[in-house]
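Read the figures in this text as sums done on the coordinates, not as results from a lab. All values derive from a computational prediction rather than experimental measurement. Note that each Cβ is placed from the backbone with ideal geometry, even for glycine, and that neighbours are counted across all protein chains shown.
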Amino acid sequence: MAFWDELKEMITQGSQEAIQKTKDIAEVMQTNAGISESKRKINELYTELGQMLVKDAFDGTTSEGLAAMLSDEKADDGAREIVLRNWREYYTKVRFIRSEEEVIAIGEQKIAELKAEEKCPGCGAKIPKGVAYCPECGTRLIPNEPVREEAQDSVQPSAEDSVQSGEQAAAPEDVQSDKE
């Protein structure tokens, strides 16, 4: 019965590990989707900021006027001051951008933790977290479970059992000689 109990325990443990890995993969996919959405929002906000900046800073300026500003040798880089009329809206959009960047950083850190790799103590190779053996050198990575007392009793015979088994070993020879 101990064999079947151990087999049941190993299957249960393997199932639980498989379920956890599936949950980790789903969480990575969900986090990646969140990161993609945050990047999309950032791109939209940068586009809006660029449009606002061009509108606010150069509203009413024609392309000829811009060309004249660029070719004016008397004008230096600081000659044109950009006045931000809607500065609160700019700051709000930049604040949203920073917030989304923080969401991305947190998501990337979470993915790194879920996909964490271990270093093999035998050869130093990077290997996926939770594998039993190193695929490079074969080093066992999951420690052996301690043997339960019941299993020890059935595996390790006592001194008295050894004597009896020695007597039983002799008995079959006697039985064979009786049959001859």
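3J(HN,Hα) along segment 42-59, derived from phi through the Karplus expression 6.51 cos²θ - 1.76 cosθ + 1.60 where θ = phi - 60°, amounts to 4, 4, 4, 5, 4, 4, 4, 4, x, 5, 5, 5, 4, 5, 5, 7, 10, 4 Hz, with x in place of Gly and Pro. Each residue of segment 26-40 is assigned a 3J(HN,Hα), and the resulting list reads 4, 5, 4, 5, 5, 5, 4, 5, x, 5, 4, 5, 5, 5, 4 Hz, derived from the Karplus form 6.51 cos²θ - 1.76 cosθ + 1.60 (θ = phi - 60°), x at Gly and Pro.
Given a Förster distance of 35 Å, report the FRET efficiency between S63 and E27 from their Cβ-Cβ distance, rounded to the nearest 0.05. Efficiency for this residue pair is about 0.10. Residues whose amide H falls under 5 Å from that of A125, counting only those 5 or more places apart or on a different chain, are C120, with hydrogens built in the peptide plane. Efficiency by 1/(1 + (r/R0)^6): what FRET value for Q20 and E136, r their Cβ-Cβ distance, R0 = 22 Å, to the nearest 0.05? The computed FRET efficiency comes out at 0.35.
Taking a Cβ cut-off of under 13 Å around L114, the surrounding Lys, Arg, Asp and Glu residues balance to a net charge of 0, with basic ones at +1 and acidic ones at -1. Can you compute the FRET efficiency between K119 and E6 using 1/(1 + (r/R0)^6), with r the Cβ-Cβ distance and R0 = 25 Å? Round to the nearest 0.05. The value I calculate is 0.25. If the chain linking L70 and Y46 were pulled fully straight, counting 0.36 nm for each residue of separation and taking away their Cα-Cα distance, it would gain 6.2 nm.
Taking the Cα centre of segment 1-114 as origin and assigning +1 to Lys and Arg Cβ atoms and -1 to Asp and Glu Cβ atoms, the resulting dipole is close to 320 debye.
Taken over segment 1-114, the percentage of Cα pairs per 10 Å bin, counting from 0 up to the bin with the maximum distance, is 12, 22, 18, 16, 12, 8, 5, 4, 3, 0.
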